[in-house]
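Note sheet for the following structure.
The values are calculated or read from the model by the stated rules, or taken from the named source; none is laboratory data. Remember, it's a predicted structure, so these values are computed and weren't measured experimentally. Cβ: placed from backbone, ideal geometry, glycine included. Neighbour counts: every protein chain shown. Remember, those area values only see protein heavy atoms, side chains included, never the ligands or the DNA or RNA. Shrake-Rupley method; radii C 1.70, N 1.55, O 1.52, S 1.80 Å.
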Amino acid sequence: MEQHRAVVVGAGIGGLTAAVALHLGGWQVTVLERAADLAPVGAGIGLAPNAQRALDVIGLGDRVRALAAWQGDGGMRAPDGRWLARTNAKAAAARFGGPLVLLHRATLVDILTSALPDGAVRTGAAATLVDPGDDHRPARLATPDGEIEAALVVAADGIRSAARHALFPGHPGPRYAGCTTWRVVVPAPEWPFAPHETWGAGRLWGTQPLKDGRIYAYAMAAAPAGGRAPDDEKAELLRLFGDWHHPVPEILAAADPAQVLRHDVHHLPDPLPAFHRGRVALLGDAAHAMMPSLGQGGNQAIEDAVVLAHHAGPAADAHHTGPAPDFVPSRALAAYTADRLPRTTAIVRKAARTGAVTLLAARPAVALRATLVSAVSRFGPGLVLRGFDGIADWRPPVAPARSA
């Protein structure tokens, strides 16, 4: 039977961050990814200062900050182009200690994998949890190449996590949030624009610049689960957003229908009793999937990763085949749950509340929302940003590493 010190199941953003953090702690790490390659499903991801500080712990924060593209004004608009609230990059950085960085997921995957040893990531390697183990026996996983043992398993296998179901079979699992999302990356339009998020009746649109000059656009709308456009998703976006303000029509005109991604939104409104059992720790969407309305899904997975590695502690030296003698799974992973469960539960709930406000569809409610947002914004950008207090200002429980 093959033996490993730590096995990460899933090579998404959270799983790769955990792998890097554990590797830097001296653990022998293997990442098992079901997909045939690491081409990310998705377009862009926004990394707030909380995630950047987590990446500082593994020496990658500055590489991400160097990709910041938002330098000026931005804010919230109505579909006719009226500004409901304005803020700017300097105000956000001053309040939370850093900029918001929008980057392509493929870029972040490349940054993370560059910090791992060759061969650490195995693609086309589905893994099934056989036994979570305990303080006295290793965890066991079944793979196409046979069964393996691990001192620590990081289950970063997404919202449909098989590991979560195995650990907590009585949990109701993910629930449809009542909305669907679209994402696309396109060339920049001819005429400049300020980054913005636009709220309509039951619909949302966002347009944000990337460092390489391209534009990341995202949309959300209330919709029945499982819906698909009768023609293609670009045509669906044109029907929903084609008459909105500049640059929305130009973005849609530049979009390749084959590159428009659509995904229904599911979340975990019912918190798990714990994020661990035995030698297995759940991470990211497997533990606390949330609506995208705060842009914190990937950020919280990155936080999870560095906190988990912190509590797992350093590995034994190279002459040993297992973790350090003072690694006691029940103690280390209980500390991880205690750190992460209350915080992520609160953010899941806040994301759901924000999503409900975003998707208001009744005309009186939409008008009242616009009036309230405009009124608040008159007091300056600080009040608009206040909704991220306690989220974007988070700091990890360990000091930054030397920049990679």
- prompt: Within the bounds of the stretch 112-126, is there any residue that is modelled with pLDDT of 95 or more, part of a strand (DSSP E or B), on the phi < 0 side of the Ramachandran plot and among the hydrophobic types (A, V, I, L, M, F, W, C)?
  reply: yes
Inset, instruction - Report yes if ALA51 is among the aliphatic types (A, V, I, L, M) and either under 22 Å from PRO249 (Cβ atoms) or open to solvent by 10 Å² or more (accessible area, probe 1.4 Å) (or both), otherwise no. - result: no
When (1) surrounded by fewer than 24 Cβ atoms within 10 Å (Cβ to Cβ); (2) in contact with a helix residue (DSSP H, G or I) (Cβ under 7 Å, 6 or more places away or on another chain); (3) at pLDDT 95 or above; (4) of a type outside the set (D, E, K, R) are applied to HIS266, the one that fails is (2)
Could you check, for the stretch 275-291, whether at least one of its residues is more than 24 Å from LEU167 (Cβ to Cβ) and either at pLDDT below 95 or open to solvent by 30 Å² or more (accessible area, probe 1.4 Å) (or both)?
no
When restricted to TRP205, TRP182, the only residue in a strand (DSSP E or B), more than 20 Å from ARG82 (Cβ to Cβ) and either out of contact with any Gly (no Cβ under 8 Å at 6 or more places or on another chain) or open to solvent by 60 Å² or more (accessible area, probe 1.4 Å) (or both) is TRP182
Residues of the stretch 63-104 being open to solvent by less than 50 Å² (accessible area, probe 1.4 Å), under 30 Å from LEU360 (Cβ atoms), of a type outside the set (Gly, Ala, Ser) and not in a loop (DSSP other than H, G, I, E, B), in sequence order, are MET76, ARG77, LEU84, THR87, ASN88, PHE96, VAL101, LEU102
The correct count of residues that are part of a strand (DSSP E or B) and farther than 15 Å from LEU283 by Cβ in the stretch 141-175 is 9
Pairing a residue in the stretch 185-198 that is at pLDDT 95 or above with any residue that is of a type in the set (D, E, K, R), where Cβ atoms lie under 7 Å and the two sit 6 or more apart in sequence or on different chains, gives THR198/ARG77
_Being open to solvent by 10 Å² or more (accessible area, probe 1.4 Å), hydroxyl-bearing (Ser, Thr, Tyr), within 20 Å of the chain's Cα centre (by Cα) and within 21 Å of TYR216 (Cα to Cα) is the requirement here; does THR107 meet it?_
yes
Looking across the stretch 208-241 at residues that are loosely packed, with under 14 Cβ neighbours inside 10 Å and of a type in the set (Gly, Ala, Ser), the single one that is modelled with the lowest pLDDT is GLY213
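So that you can scan it fast, the table gives a plain yes or no per residue for (1) closer than 26 Å to ARG53 by Cα; (2) in contact with a Gly (Cβ under 9 Å, 6 or more places away or on another chain):
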site: ALA217; (1), (2): yes, yes
site: MET220; (1), (2): no, yes
site: PRO247; (1), (2): no, no
site: ASP256; (1), (2): no, no
site: SER293; (1), (2): yes, yes
site: ALA301; (1), (2): yes, yes
LYS234 passes all but one of the listed conditions (1) in a loop (DSSP other than H, G, I, E, B); (2) in contact (Cβ under 8 Å) with a residue 24 or more places away in the chain; the exception is number (1)
All conditions in (1) open to solvent by less than 30 Å² (accessible area, probe 1.4 Å); (2) of a type outside the set (Phe, Trp, Tyr); (3) touching a helix residue (DSSP H, G or I) at 6+ places or on another chain (Cβ under 9 Å); (4) at negative phi are true of HIS245 except (3)
ask   = Just a yes or no: is a residue in the stretch 327-343 open to solvent by 20 Å² or more (accessible area, probe 1.4 Å), under 22 Å from ILE13 (Cα atoms) and modelled with pLDDT under 95?
value = no
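Residue-wise test of (1) open to solvent by less than 30 Å² (accessible area, probe 1.4 Å); (2) modelled with pLDDT under 95.
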| residue | (1), (2) |
| --- | --- |
| ARG5 | yes, yes |
| VAL31 | yes, no |
| ALA39 | no, yes |
| ILE45 | yes, yes |
Filtering the stretch 271-285 down to residues that are closer than 18 Å to THR128 by Cα and of a type in the set (A, V, I, L, M) yields VAL280, ALA281, LEU282, LEU283
